[in-house]
Amino acid sequence: MNEMIERLERKFERIKEKELIIRGSVSFKYGWLVERINYWTNYLASLGHKDGKVVFLEGDFSPNSIALLLSLIKLNNIIVPLTRVRDELRNKYMAIARPEVTVRFEAEDKVEVIDAGVISSNNYYDRLRERRHPGMIFFSSGSTGESKAAIHDLSLFMSKFNISNNAYRTLVFLLFDHIGGINTLLYTLHNEGTIVVPQSLTPDDVLAAVEKNKVELLPTTPTFLNLVLISEAYKRHDLSSLKLITYGTEPMLESTLRRFNEYFPAIKLKQTYGLSELGILHSRSKGPDSLWMEIGGEGYETRIVDGVLHIRTDSAMLGYLNAENPFSEDGWFNTGDIVDVDGKYLKILGRDSEIINVGGEKVYPAEVESVIKELENIEDAVVYGEKNPIVGNIVCAKIKLLVQEDLKNLTLRVKSHCSGRLDDYKVPVGITITEEQQFNKRFKKIRKQDKFPGK
């Protein structure tokens, strides 16, 4: 049995009358969680379930799924948390992770347990089993290429939660299969907080859950904060309980940050930094209206190599299941994030894979997107590069409008505004209008483009 979960159970028993999770109009207490962890542990034992099994756990942040997740960790299982995905993607994940057991949550929190009848083994699985440590596998979003499967030793991953912090009423926004979502869950449990699950991740449903349940902490993404502003959902809900909003997973646009601070001066904004390979690092923003932040802290080392952030930590993933080892011989991980440095502070400019090279000059999409978003009638903008035989690449922008507008007029407005704010080589050459959302289910922008839409 895993000692970390047993220590948590003792803590939960001490606070058994405190609210653990609120979902819809129903709430569950920590005492219920202790009973349910014991139920699942005994139930799995009755099925002959052993330590070290590779388990697909398909669900979301429901009371039962949280209890079962902790039970699987207690049994030192290797867990692949998944939300609902299309069958094609699910089959691809299964081929990579080769689960021995699948646990699927159906409607009304009912559970189906399926034994695949296989034994899975590789160097990473064997290492975790020898250590008698639980593991967890996170699949990247694949927004910049093929999804990679990062496998973690959960004993190392969870060690950072030993230090007590604030016990917030926290809305779980990042998904069950996202390292940020699991980090939010474990942080809240370790610090005796309360988890609030919204009905859906639309701006209105999220803010309605904030108002109804007096949420204090909202971990989210810059893309979602932009949707809150565009939809004006904040006008329809009372957000006075919110103390802190953390944002990460992608660069924040300066225009979005500026507007949010203007509208909500009483809410503290904090930029976070994390990767599927490394977990979520400790961070401290230079100020609520600043994109500069200090990252690292105890257990983490950082360095800058040719403008790119490298990180070394003992709690990093063991490796990828479906890709080569990305660590240097002495343990450094190249994050791929281009940064500016100001003393102890860093500013994330963008991914090196997303940089647009125009005649030898670098263009960072987020900088151009931020300037475009200053214009009226712009719901969203995604900037990307397209091949060009003369300068290598040209800057292009795909724009989603609030109300219909003539493309010619939009092009003139965008180019005129950008020309006054940016160097000439950063001004978009190709501009298209789209009706589609330009972010994935994790509310992260999709910037990868092979060509103009319609070509």
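Every number in this text was worked out from the coordinates using simple rules, so none of it is lab data. Note that the coordinates shown come from a computational prediction; the quantities given were computed from them, not determined experimentally. Using ideal geometry, Cβ is built from the backbone for each residue, glycine included, and neighbour counts are taken over all protein chains shown.
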Enumerate the amide H contacts of residue 191 below 5 Å, restricted to partners 5 or more residues apart or on another chain; note that Pro and chain-start residues carry no placed amide H. none
Could you run the Karplus curve 6.51 cos²θ - 1.76 cosθ + 1.60 with θ = phi - 60° over the stretch 40-50 and give me ³J(HN,Hα) per residue in whole Hz, x for Gly and Pro? 5, 4, 5, 5, 5, 4, 5, 8, x, 5, 10
For the stretch 44-172, take N as its residue count and report Rg(C-alpha) divided by 2.2 N^0.38 Å. 1.08
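Using alpha carbons only, what's the Rg to Rh ratio of the stretch 308-443 with Rh from Kirkwood?
Details: Rg = 18.2 Å, Rh = 17.2 Å.
Rg divided by Rh gives 1.06.
Rounded to the nearest 500, what is the 222 nm mean residue ellipticity of the chain from helices alone, with -39500 (n - 2.57) per DSSP H run of 4+ residues and division by all residues? All intermediate terms of the calculation are to be shown ahead of the outcome.
Numbers: 12 runs with 131 residues, N = 455.
Per the formula, -8500 deg cm²/dmol.
Report, to two decimal places, the Cα Rg of the stretch 355-433 normalised by 2.2 N^0.38 Å (N = number of residues).
Values: Rg = 11.9 Å, N = 79, 2.2 N^0.38 = 11.6 Å.
That works out to 1.02 for the stretch 355-433.
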Relative contact order, percent, the stretch 157-239 [alpha-carbon distance under 8 Å, six or more residues apart]: 32
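Could you calculate, for the stretch 54-125, the ratio of the Cα radius of gyration to the Kirkwood radius, expressed as Rg to Rh? Don't skip to the end; give the middle numbers.
Working: Rg = 12.0 Å, Rh = 12.7 Å.
Result: Rg/Rh = 0.95.
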Over 29 Å between alpha carbons, listed pairs 347/445; 92/362; 212/347; 11/214; 400/426; 29/235: 92/362; 212/347; 29/235
Roughly how tilted is helix 222-231, in degrees to the nearest 10 and between 0 and 90, from the longest Cα axis of the chain? 70
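Please state, as a whole number in µm²/s, the translational diffusion coefficient that the Stokes-Einstein equation yields for the stretch 305-349 at 10 °C and 1.306 mPa s, with Rh defined as the Kirkwood radius across alpha carbon pairs. List each step's numbers first, then the result.
On the way: Rh = 11.9 Å.
Answer from the Stokes-Einstein relation: 134 µm²/s.
Could you grab the relative contact order for the stretch 355-433? Cα pairs under 8 Å, six or more apart, rounded to a whole percent. It would help to have the intermediate numbers written out before the result.
Details: 130 pairs, mean separation 25.3, N = 79.
Relative contact order, the stretch 355-433: 32 percent.
How high is the FRET efficiency from residue 122 to residue 408, r the C-beta distance, R0 51 Å, rounded to 0.05? Intermediate values should be presented prior to the final figure.
Details: r = 57 Å, r/R0 = 1.11.
It comes to 0.35.
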For the chain, calculate the relative contact order in percent as a whole number, restricting contacts to Cα pairs under 8 Å that are 6 or more residues apart. 10
With a cap of 11 neighbouring Cβ atoms within 10 Å, and only residues DSSP puts in a loop, list the GluC sites (Glu not before Pro) found in the stretch 346-455. 376, 435, 436
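For the stretch 131-235, which GluC sites (Glu not before Pro) are both in a DSSP coil and crowded by at most 13 other Cβ atoms within 10 Å? Spell out each step's value before the answer.
On the way: sites: 146, 192, 211, 216, 232; in loops: 146, 192, 216, 232.
Qualifying residues, ordered by number: 146, 232.
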Could you give the angle, 0 to 90 degrees to the nearest 10, between helix 254-263's Cα long axis and the longest principal axis of the Cα atoms of the chain? 70
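Full extension from residue 429 to residue 238: what is 0.36 nm times the residue separation minus their Cα-Cα distance, to one decimal in nm? Don't skip to the answer; put the middle values down first.
Values: separation 191, 0.36 × 191 = 68.76 nm, distance 4.22 nm.
Length gained, residue 429 through residue 238: 64.5 nm.
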Taking alpha-carbon centroids only, the stretch 186-202 lies from the stretch 223-293 a number of Å equal to 17
Each residue of the stretch 304-317 in order: what ³J(HN,Hα) in whole Hz does its phi give by Karplus 6.51 cos²θ - 1.76 cosθ + 1.60, θ = phi - 60°, with x for Gly and Pro? 10, 10, 6, x, 10, 6, 10, 9, 10, 7, 6, 9, 5, 4
